[in-house]
Structure formats: structure tokens, C-alpha cells
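Read the figures in this text as sums done on the coordinates, not as results from a lab. On a predicted model such as this, the values are computed, not experimentally measured, just so you know. Here the Cβ positions follow ideal geometry from the backbone for every residue, glycine too, while neighbour counts run over all protein chains shown.
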Amino acid sequence: MSAPGKRAATAAIWLVLLTMPYWMNAVGGYTELASRVIVMGLAAMALNYLLGFTGVLSFGHAAYFGLGAYGAAMTIKYLVPSTALAVVVGVVVGTVAAAAIGALIRKLRGTYFAMVTIAFGQVFYFIAFRWNSVTGGDDGMTGWQRQPLDLGFTTVDILHQDKAFYFLCLALFALAVGAMALLLRSPLGRAQLAIRENERRARFLGIPVEFHIWLSFVISGAFAALAGTMYALLSNFTDPRSLHWTLSGNFVIMSVMGGMRSFWGPLVGAAIFVVLQDYVSSHTENWMSIIGLFFVLVVSFFPRGVLGMLRRKTTS
Amino acid sequence: MTQLLLFNIFNGLIVGAFYALMALGLSLILNLSGVINFAHGGFLAIGAYLAFALMPVVGFWGALLVAPLLTAVLGLVVERLLIRRLYGRDPLYSLLLTFGLAYILEDGTRYIWGAQSLPFPIPQALTTPLSSEFFFLTGYRLFMVALVAVVVGAMFYILNRTRLGMRIRAGTLDLETVSVLGVNVALLRNLNFGLGIYLAGLAGVLAAGMLGLQPTIGTSLIMPSFVAIIVGGLGSLPGTLLGGLLIGVASGVTTVYFPSATEAVMYVMMGLVLLLRPQGLLGEEGRTQ
């Protein structure tokens, strides 16, 4: 796509995001669904920082997403009733875990890397599932809710006003996405792109490959954790399913479906996935089969994703 | 206490045998085709439910014989129609495809046989405890351990002594050369996939006899199988077997002293292995790339 075209597309995306709560009801949706698109979109874009722009496949990102969710929920329930602090704690918890696990696996590659991330993705699920007294076990964490946002000069009631909470999510999303875009344009992001294109050549150029893969993993995990905190705040609830490997798979399909070589692709994929899941699960009990079939179809017929296909059409 | 410990070690050994059966099948497919088969748990469930459906007609022993074979046939068809098209592409795609298949298989069994747990009758002769002191030594449990030993033995015999097995092992090392030597690689991968799925189906029938039948029976066994492969060493089948038994016994022993860490202990083991010996206990160096 040409540069002005790209700029127009970016403007269109922001326009849609800024107005979404106002037309969502008219097309049969609801504000919470719009918030969920933002949350899942951020999670998929976070994964894609690693998958699409460093070329490393993680199939266990639900771990950091879920740790963010539990970190936020526990902060409000056990520590301080503050939404802002909940977000900070959730992100820190998820980032620390990503840093520790990333350090263990930074030397692995390809399918082996994927498999270890799959397995590690599940450890926090079992902890949340078993540690009943603190996490509520299988029933999840209830008995807490997001708190009004104190901005100093005014207080925003994000608890009762759906739209206010949506715009909080959008603000966090914008910060995260802006940071990701800056990182990708910096020498750091360029080095990571180089690893994706040709790891051996990048190594010969003196790029510390293991360090960059670790760093990309941590950055990606941190943004996934941020999405997780928003996810918990959105429903005032979190349960072990926010840590389950099926969610990790969903993040990957969102990225692939939207187009993992494009910056906005995962957001588009997440929007399609979230709306489809919402629609299918309210119409049939067998939504899992339909989602599964959807995976098979995307892989078989649209491996480049929606934006990947659009881009190919405009360049050819 | 000793008895409780013995009970849990033995129990862990049985659970470990399930992990090992699952993990061996996963390993076979991963080594030759580079596909992480997420649907393995779904195939396990299919094996279990097929046995349940066949039992009124052919009895327990007949079902034990036929159900894994039928599951393997289903595996051959799935490989031929869906997975074969993805060889040579980024492993991401086969991973996502089998992930979708796992959804479909689990939901399919739930649709046909219902979400609630079903009783899986096993022959009277196998259910009675052999000793009153060691109440946990039922015939079925001993039978399971013996059968798994025989099947694993047979699998290693096939891999080491038959033409098919030697081709599979050669293909694992260098598929291109095997292809140039005139072996039909597409067929080899197909049969290898079927062999792996056979092991999953067999594990399903045995697991159903011990744990009962639920649609989620497979998904609960698949994660430990991944851990078993990593602990044992990628690319090494004896390692996979060892890994499965090891994490099974470790979970069993942990249940006695610290029940809430039953699952976490395998991940601790995996973390330690990755830290101290990244290629796994019996893995060769260089396979991690």
C-alpha cells in the first residue's frame, strides 16, 4: 500500500474505534462487545509483536494475559481498591513471568519453542485452578469490582458507565499500540525484524539474537498482560479460563486471520473472531465445532489473513 | 503412610503410562512430519467413545482391539485430506489446523454422546483387588501396565526391526535422502501418522476404563504429554517414554505430601530440565534449533 493510502487506513481505523460505542447498538452489538474487541485486539497485537515482527511463535500467551487479569483482580480485592494500581500490578506480574520464562527458552527455535511455550502456558492455569483459598479455584475471582477513576481534578465513574470504561480501554490501547509502533520503528525493532528475516545473517551483523528474542518476548508478554488487566476489569471477574491454552490458540488465530505481517491485522482478526464467537455462542450449543471449522478454513484458504490479501491485491 | 505412598507411586506409574502412550504418538508425528498434533487428545477421546459404542456388540476385548484401529483409520483420512497440504509450510499452520480439529473432535463427541460422564464397564475378572492389603492392585491396573509395556515394546520392535520402522527413523534424520532413495514419503508420513493416532486411540480405551468417559478426557491428558516430550528430549522416543513415566510418578508422589502442587510439579521439572539440560534428558544436542 502507498504511504498516503496507509495513512488514510490508519485514520479510518481510529475513526471506527473512537465512534464504536455509538453505533454498536444500532448494528446489534453492545458496548461491552466493543470493549472486548479492544481488549482481544490488544492481546493479539501484543502476540504479533513477537510472532509477526520477530518471527517467533509463542503458543502460550494466555499465561501472561491471565496473570495480568489475576494481578488486577487480586490487587483490588486484597490490596488497594484502585483501578490504576490494579492495572500497574497486573502488568508487572505478567512482565516478570514473561521475563523469567523467556530467559529459560530464548535459545530454543521453531516447533520446539512453540511446544515449550504451550507447556509453560498451562502452569499458571493449574496454580489458579488449585489454589482455591486465594484464587477462588475453578469458580474464579468474584467479590470485587473496578473502582471509579480518580484523575485529580475529577472522578470518572467507569463502573456504571459502559462508555466511560470503553474509552479508558481505548486510551490504554492507544498508549500500548503507540508504544509498539515506536518500538518497531526504532533500531531495536529493526534488529528484531532482521532476526525474523534471516537469523543467521542478523547474527553475523553482530545483533545479539538471544537477547533480542528474549526482549521481544518480554515486551509482547507485557502488552498481553495489559490486555489481561482490562479483561478482568471489563467483567469484574476472572477465572482460570483466562489462563487456558485454548485462549492462547485464539490469540494466534486472530493474528493469522487478520494478517500477521501487518501492524493492524491482528486487531481486524480479533474483531472478526470476537463478534463471530459472540454470535455463534448465543445461537448454538455447538459453537466449539463452528470455531474449530473456522480455524480449519482460515488455515486452508486464507493463510495470509484479511489484510495480507488486501495488500497483495493492491500491489499486484 | 508407606501404603499411601506406594499407592500413589503405582498410580503415578499408570498415569505416567498414559502420558507416555500419548507422548510417543505425538513424538512420532512431530519427528517425521514436524507437526505438533494438538488434536491428539481429541483422537484419544474418539478412541474411548468408539470403544464405548462398540462394546455392546463386540465386548470389552473386541472393543479394545477394534476401537484403536478405527481411530487410526480416521487419523489416516484426516492426514490425507487436511494435514498433508500443510507440509513444508510454516509449522504455525499445521499447529492451528490441529488446534481447530481438537475443538471439533471434543465438541463432536459431546454432541453425539452428551456432556455428562458415562460409565465404562470393564470385565469383572479385571476389577477385583488381588490383595486385601494392597487394595489398589486391581487386575485392571496391572493389566494396563502390562498392556502398555507390550504395546510400547511392539512399537520399538517395529521401529528398529521392520522395513517400515527403519524408513520412519531414517526419514526423521533426513527425509530428503529417504525420498531420493525411492521411498514414497507421502505414504510413509501417512502411515506414521496412523501409528501415532493408534497409540492415542489405545490410550483412550484404557483411560476410559480407569477415569470414566467425558468429552474432555483427551484435553486433560495432552498438556502433560507435551511436558513429557520436553523432559525426555525432543527427537528421542526412549526419552519420551522415560519423561512420561517420570512426570507421572512425580505427580503421584507430590499428591501425598502437597496435593495442590500435583500438576505444578511437572512444570517445575520441565523448568529444571530446560535450565540444566535444554535438549532434554535423553535428547541429542542440536535438536533444539
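Would you mind checking segment A:249-284 for residues with the amide N under 17 Å from a putative spin-label position 7 Å along Cα→C-beta of A:E197?
A:261-263
Run the numbers for B:T127 and B:V150: contour at 0.36 nm per residue of separation, minus the present Cα-Cα distance, in nm. Display every interim value, and only then the final one.
Numbers: separation 23, 0.36 × 23 = 8.28 nm, distance 2.05 nm.
Full-extension gain reported as 6.2 nm.
Starting from the eigenvalues of the Cα gyration tensor, five times each then square-rooted, give me the equivalent ellipsoid semi-axes of the protein assembly as shown, largest first, whole Å.
Result for the protein assembly as shown: semi-axes of 41, 29, 23 Å.
Just how many % of Cα pairs in segment B:14-218 lie over 20 Å apart, if you round to the nearest whole percent?
Details: 11976 of 20910 pairs.
Roughly 57 percent, once rounded to a whole number.
Nearest 10 degrees, 0 to 90: what angle lies between the long axis of helix B:185-211 and the longest principal axis of chain B (Cα atoms)?
Here the helix axis deviates by roughly 10 degrees.
Mind listing which trypsin sites (Lys or Arg not before Pro) in segment A:61-130 are in a DSSP loop and have 13 or fewer other Cβ atoms within 10 Å?
none
Using only the Cα atoms of segment B:144-289, build the gyration tensor, take square roots of its eigenvalues as a ≥ b ≥ c, and label the shape rounded, prolate or oblate: rounded if a/c is under 1.5, else prolate if a/b is larger than b/c, else oblate.
Oblate, because a/c is 1.5 or more while a/b does not exceed b/c.
So if we plug the beta-carbon distance of B:N160 and A:V16 into 1/(1 + (r/R0)^6) with R0 = 45 Å, what FRET efficiency do we get, rounded to 0.05?
So, using R0 = 45 Å, E works out to roughly 0.15.
Which values of log₁₀ I(q)/I(0), to two decimal places, follow from the Debye formula for segment A:3-315 at q = 0.11 Å⁻¹ with a uniform point scatterer at every Cα?
-0.67
Other chains near A:203-214: what is the mean number of their Cβ atoms within 10 Å of each residue's Cβ?
Average neighbour count from other chains, rounded to a whole number: 0.
When Cβ neighbours within 10 Å are restricted to other protein chains, what is their mean count per residue of peptide B:265-271?
4
List every residue whose amide H lies under 5 Å from the amide H of A:T238, counting only residues 5 or more places away in sequence or on a different chain, with H placed 1.01 Å from N in the peptide plane.
Excluding prolines and chain starts, which carry no amide H, the hits are A:M141.
Run the numbers for B:T2 and B:R169: contour at 0.36 nm per residue of separation, minus the present Cα-Cα distance, in nm.
This chain segment gains 55.8 nm when fully extended.
State the Cα centre-to-centre distance between segment A:254-297 and segment A:51-99 in whole Å.
Value for the Cα centre distance between the two parts: 23 Å.
Using Cα-Cα distances under 8 Å and only pairs 6 or more residues apart, what relative contact order does chain A have, in percent?
RCO, chain A: 31 percent.
Can you list the HN-Hα couplings for segment B:107-124, worked out from phi with the Karplus curve (6.51, -1.76, 1.60; θ = phi - 60°), rounded to whole Hz and with x for Gly and Pro?
Taking θ as phi minus 60°, the curve returns 5, x, 5, 5, 5, 6, 10, x, 7, 6, 5, 10, x, 10, x, 10, x, 3 Hz for segment B:107-124.
Please report, ordered by residue number, every helix of chain A (full DSSP H runs) that is 24 Å or longer along its axis going by C-alpha atoms and whose mean Kyte-Doolittle hydropathy reaches -0.5.
Counting only whole DSSP H runs, the qualifying helices are A:3-23, A:31-51, A:83-105, A:162-185, A:209-235, A:265-283.
Quick one: work out Rg over Rh on the C-alpha atoms of segment A:160-262, Rh as Kirkwood radius.
Expressed as Rg/Rh, it is 1.05.
First measure r as the distance between the Cβ atoms of A:Y78 and A:A179, then evaluate 1/(1 + (r/R0)^6) with R0 = 30 Å and state the FRET efficiency to the nearest 0.05.
Given R0 = 30 Å and the Cβ-Cβ separation, E is 0.55.
Would you kindly derive the ³J(HN,Hα) couplings of segment B:59-65 from the backbone phi angles with the Karplus curve 6.51 cos²θ - 1.76 cosθ + 1.60 (θ = phi - 60°), listing them in order in whole Hz, with x for Gly and Pro?
Values, residue by residue: x, 4, 5, x, 5, 4, 7 Hz.
What's the FRET efficiency of A:N286 with B:S117 using the Cβ-Cβ distance as r and R₀ = 22 Å, to the nearest 0.05?
The computed FRET efficiency comes out at 0.70.
If every alpha-carbon in segment A:246-312 counts as one equal scatterer, what log10 I(q)/I(0) does Debye give at q = 0.13, 0.14, 0.27, 0.29 1/Å?
For the requested q values the scattering log ratios are -0.33, -0.38, -1.17, -1.27.
Using alpha-carbon pairs under 8 Å, 6+ residues apart, how would you state the relative contact order of segment B:68-157 in percent? Kindly include the intermediate steps, with their values, before the conclusion.
Working: 24 pairs, mean separation 10.2, N = 90.
For segment B:68-157, the relative contact order is 11 percent.
Provide B:I230, B:I112, A:I127 in ascending order of the number of other Cβ atoms located within 10 Å of each residue's Cβ, fewest first.
By the 10 Å Cβ count, ascending, the order reads B:I112, A:I127, B:I230.
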